[in-house]
Structures are given as C-alpha cells and as structure tokens.
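What follows is one structure encoded as structure tokens, with my remarks underneath.
The values are calculated or read from the model by the stated rules, or taken from the named source; none is laboratory data. None of these values were measured; they are calculated from a predicted model. Reconstructed Cβ throughout: ideal geometry from the backbone, glycine too, with neighbour counts over all protein chains shown.
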Amino acid sequence: MMLQTPVHEIEIIIVLLYVLVGLFFNASFSASSKPFSRLLGKFPNERADRLRVYLQRITGMFFFGFVPVILILTLLPSTFRDYGTSLTEPTEILSWGLLFALLIIPLILFRGKSASNLAAYPQIRSKKWNLNIVVLSALTWIGYLLCYEFLFRGFLLFACQRAFGIIPAIVINVLIYAIAHIPKGKFETIGAIPLGLVLCVLTIKTGSIWFAFLAHVIMALANEWVALYHNKNIELEMKF
C-alpha cells in the first residue's frame, strides 16, 4: 500500500490517530459512571439509570461527531463533502434501506426474545416505560448513530480510501469496527464483520454515509422495541 500524495498522508495520520483515541476515550467514559456520578447521584435510581444511558450516547456524539467536525474545520485539507455527507442518490439509498430492513428485521424478531438479548437490551433498564422514554431513547440513539456512522463510514472510510485505495480501506474499517464491538460480547463482535463489510461497500457505492446511518437506525430501534416488547420485567405505559 502506498499513500497517493503528501496531503493524503497528513490526513490519514490525523484520522487514524483520532479514531483510535476517540474510541478509547468514549469507551472509558461509557465503562464508568464516574464522570457523571455527582450529577446522577442527585436523581432516583431509575431516573439516574436513564440519564446515564442518555449521557453515554451524548458523550459518543461528542467524540464521534463534534471532535471530527472540529478537526475537519481546523486541521484537515478536505471538506465535509469529502467524508460522504452529501445525500447522493436518495432513491437508491432508500431502496437499499428497505432491502436491509426486510432482511434484518426478521432476524431481530427471531433473536429478540433470547435471554442473552434481553439481558443487554433495552439499554435503559427502567421498569416502567412511557412514550416520553421511548421517544427520548430513540432520539438519542439517532443522534449517536449519526455521529457513529460519520466517524466510521465517513471520517475513517473515505480518508483510508483516498490514502490506500478501496480494498485496504474496507479491511481497515471492518477490523477497527469489529474491535470496537469486543466489549459488547462475542455475538456482536462476530456480527460486526459482515455488517461492517456491507455498510462499507454500500457507502462507497452510494458515495455517502446515509445508507449506513439509515441501516444502523433501523437495526438499533427495531432491536430496542422488540426487546422492550418481550421483556417481562418492563411495564409499558403508552402515554407521556
């Protein structure tokens, strides 16, 4: 593999270094409630649990979205369009999104009531859910996943493609993506490999991150709602 230009060499060093640092710091914050303990200690247990999840997702938005944006504005030679933010081929993206939903939702329905899935999802472990919690959880998921896909399939993938070419870029992306899933267990780590491959290929094909974002939102929200439905320890109240 050879870098194409000195500009791409500078870009890839900054991008790879930040992706690794950003993932480390986000994992450190997510693994511990210490950064938020003083604030969360002021609330009852169940509310504190909800706020902890919201804050962890907002922290992810900061490390995966806000900081890369600052780097693009200040240090990197490329523009936002160079990282797949343009909505190219919306009809094609929606078509791929529909096909993805048709394939992944039956799998989620099948696995949704398994003991291992219910032990991990929904992430918010409140015993009572109302529409307010459902909506806030969905919105924080969407914001988090937008930044997450911008980091992986935008910031990292397109920078690697410019520096190394398509195949090495996909390999690097899938490898880092799978490693990032190790704390979530063997099933999600293994599953991240084919999922990451599909997301990378279709991101490059469509020239934008929007299919990857749409697919990840479909998967996350479907998984949360199916787990919520099957979890006998959670009571649903369909009012705000």
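Suppose the filter is under 16 Å from PHE152 (Cβ atoms), assigned to a helix (DSSP H, G or I) and at pLDDT 85 or above; does ILE108 pass it?
For ILE108, the condition - under 16 Å from PHE152 (Cβ atoms), assigned to a helix (DSSP H, G or I) and at pLDDT 85 or above - is not met.
Given the conditions (1) surrounded by fewer than 19 Cβ atoms within 10 Å (Cβ to Cβ); (2) farther than 19 Å from ALA27 by Cβ; (3) touching a Phe, Trp or Tyr at 6+ places or on another chain (Cβ under 7 Å); (4) of a type in the set (Ser, Thr, Tyr), and given that THR74 satisfies all but one, which numbered condition is not satisfied?
Just one mismatch for THR74, condition (3).
Output the number of residues of the range 75-84 satisfying the condition of being at pLDDT 95 or above and among the polar types (S, T, N, Q).
0
Going through the range 142-188 one residue at a time, which ones are at pLDDT 95 or above and in contact with an Asp or Glu (Cβ under 7 Å, 6 or more places away or on another chain)?
Those that are at pLDDT 95 or above and in contact with an Asp or Glu (Cβ under 7 Å, 6 or more places away or on another chain): PHE158, ALA159.
Read through the list (1) surrounded by 18 or more Cβ atoms within 10 Å (Cβ to Cβ); (2) more than 14 Å from the chain's Cα centre (by Cα), then give the number of the only condition that LYS127 fails.
(1)
Residue under question is LEU236, and the condition is that it be in a helix (DSSP H, G or I) and either within 16 Å of PHE150 (Cα to Cα) or in contact (Cβ under 8 Å) with a residue 40 or more places away in the chain (or both); does it hold?
It is false that LEU236 is in a helix (DSSP H, G or I) and either within 16 Å of PHE150 (Cα to Cα) or in contact (Cβ under 8 Å) with a residue 40 or more places away in the chain (or both).
Applying the selection to the range 111-120, what residues are of a type in the set (Ser, Thr, Tyr) and either modelled with pLDDT of 90 or more or in a helix (DSSP H, G or I) (or both)?
SER116
Yes/no per residue for (1) out of contact with any helix residue (DSSP H, G or I) (no Cβ under 9 Å at 6 or more places or on another chain); (2) surrounded by fewer than 19 Cβ atoms within 10 Å (Cβ to Cβ); (3) hydroxyl-bearing (Ser, Thr, Tyr); (4) in contact (Cβ under 8 Å) with a residue 40 or more places away in the chain:
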site	(1), (2), (3), (4)
PHE64	no, no, no, yes
VAL69	no, yes, no, no
PHE80	no, yes, no, no
THR91	yes, yes, yes, no
ALA138	no, yes, no, yes
TYR148	no, no, yes, yes
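Scanning for something assigned to a helix (DSSP H, G or I) and within 20 Å of LEU20 (Cβ to Cβ), does the range 121-144 turn up at least one residue?
yes
Yes/no matrix, rows are residues, columns are (1) more than 30 Å from LEU131 (Cβ to Cβ); (2) in a helix (DSSP H, G or I); (3) modelled with pLDDT of 85 or more:
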site	(1), (2), (3)
LEU16	yes, yes, yes
PHE24	yes, yes, yes
ARG47	no, yes, no
ARG50	no, yes, yes
